[in-house]
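K.L.:
Just passing along the structure, written as structure tokens.
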């Protein structure tokens, strides 16, 4: 069974640009969550999508957005990039029902903003 | 607000020594707890989980954790560590709002020295 796949693995952008990150969940999983990981703030929840609908959202500005497609693949977008957006962005998939078990994480997309 | 606190940011230990990584969680009627491990340049992998039942849970590589409701703790232990256990460990809680929205601790970097 293939794991969670994130693309691209590494990317470099400049301030003001926008970026789109992609995540393919484990087959059969309908929930996709996104997390931002930085040395200072640790792992912070961005949002969760389930059956193409955003089910939860963390405390991030509107520059951070996402969507989920009918095949459960998800994308997140960050517009007007700031230096502080440099981070490892992790995608996780799950069955989508509360308290049913663990999330499965991808290896992440490392974004560097110059 | 729910929270998960990891009391040590770094834990150095010699090979074959025992180790304990501490985690406290904010009390709730219903909470499910997880330990994840992250190796350099990789995503998070589930180490073990407590959903219900026995309060002592074990992983396949010798780690164990005990869910302690009275002390609101979920400490991770291993009686004898190996060099290969060097990684960052994250404690996380699912407070039932949504499977995709885990509350993570800040992480503990375990460094095993020969």
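The values are calculated or read from the model by the stated rules, or taken from the named source; none is laboratory data. Keep in mind it's a predicted model, so treat the numbers as computed, not measured. All Cβ positions, glycine included, derive from the backbone under ideal geometry; neighbour counts span all protein chains shown.
K.L.:
Of all residues in region A:96-114, count the ones that are over 16 Å from the mean Cα position of the chain (by Cα) and at pLDDT below 95.
P.N.:
Number of matching residues: 6.
K.L.:
When region B:29-53 is examined, which residues are found to be in a strand (DSSP E or B) and more than 9 Å from chain A (Cβ to nearest Cβ)?
P.N.:
B:33, B:35, B:37, B:47, B:48, B:50
K.L.:
Limited to region B:75-104, what total is found for residues that are at pLDDT below 95 and either at positive phi or within 10 Å of chain A (Cβ to nearest Cβ) (or both)?
P.N.:
Residues in region B:75-104 being at pLDDT below 95 and either at positive phi or within 10 Å of chain A (Cβ to nearest Cβ) (or both): 12 in total.
K.L.:
So which residues in region B:1-14 are under 15 Å from the mean Cα position of the chain (by Cα), surrounded by 14 or more Cβ atoms within 10 Å (Cβ to Cβ) and either within 10 Å of chain A (Cβ to nearest Cβ) or assigned to a strand (DSSP E or B) (or both), if there are any at all?
P.N.:
B:4, B:5, B:6, B:11
K.L.:
Now a separate question. Checking residue B:25 against (1) more than 14 Å from chain A (Cβ to nearest Cβ); (2) more than 24 Å from residue A:31 (Cβ to Cβ), only one condition comes out false. Which one?
P.N.:
The number of the failed condition is (2).
K.L.:
Here's another thing I want to ask about it. For residue A:107, state whether it is within 27 Å of residue B:33 (Cα to Cα), within 8 Å of chain B (Cβ to nearest Cβ) and in a loop (DSSP other than H, G, I, E, B).
P.N.:
yes
Yes/no matrix, rows are residues, columns are (1) touching a residue at least 40 places away in the same chain (Cβ under 8 Å); (2) surrounded by 14 or more Cβ atoms within 10 Å (Cβ to Cβ); (3) closer than 26 Å to residue A:93 by Cβ:
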position: B:16; (1), (2), (3): yes, no, no
position: B:32; (1), (2), (3): yes, yes, yes
position: B:73; (1), (2), (3): yes, yes, no
position: B:82; (1), (2), (3): yes, no, no
position: B:96; (1), (2), (3): yes, yes, yes
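K.L.:
If I ask for residues that are assigned to a loop (DSSP other than H, G, I, E, B) and within 15 Å of the chain's Cα centre (by Cα), which ones from region B:68-78 would you list?
P.N.:
Of everything in region B:68-78, just one residue is assigned to a loop (DSSP other than H, G, I, E, B) and within 15 Å of the chain's Cα centre (by Cα), namely B:72.
K.L.:
Given the conditions (1) assigned to a strand (DSSP E or B); (2) modelled with pLDDT of 95 or more; (3) over 26 Å from residue B:6 (Cα atoms), and given that residue A:80 satisfies all but one, which numbered condition is not satisfied?
P.N.:
(1)
K.L.:
Additional query: How many residues, within region B:15-28, are modelled with pLDDT of 90 or more and outside any strand (DSSP E or B)?
P.N.:
Total meeting the criteria: 6.
K.L.:
Mind counting the residues in region A:36-60 that are in contact with a strand residue (DSSP E or B) (Cβ under 7 Å, 6 or more places away or on another chain), part of a strand (DSSP E or B), under 19 Å from residue A:93 (Cα atoms) and free of Cβ contacts under 8 Å to residues at least 60 places away in the same chain?
P.N.:
Residues that pass the stated criteria total 13.
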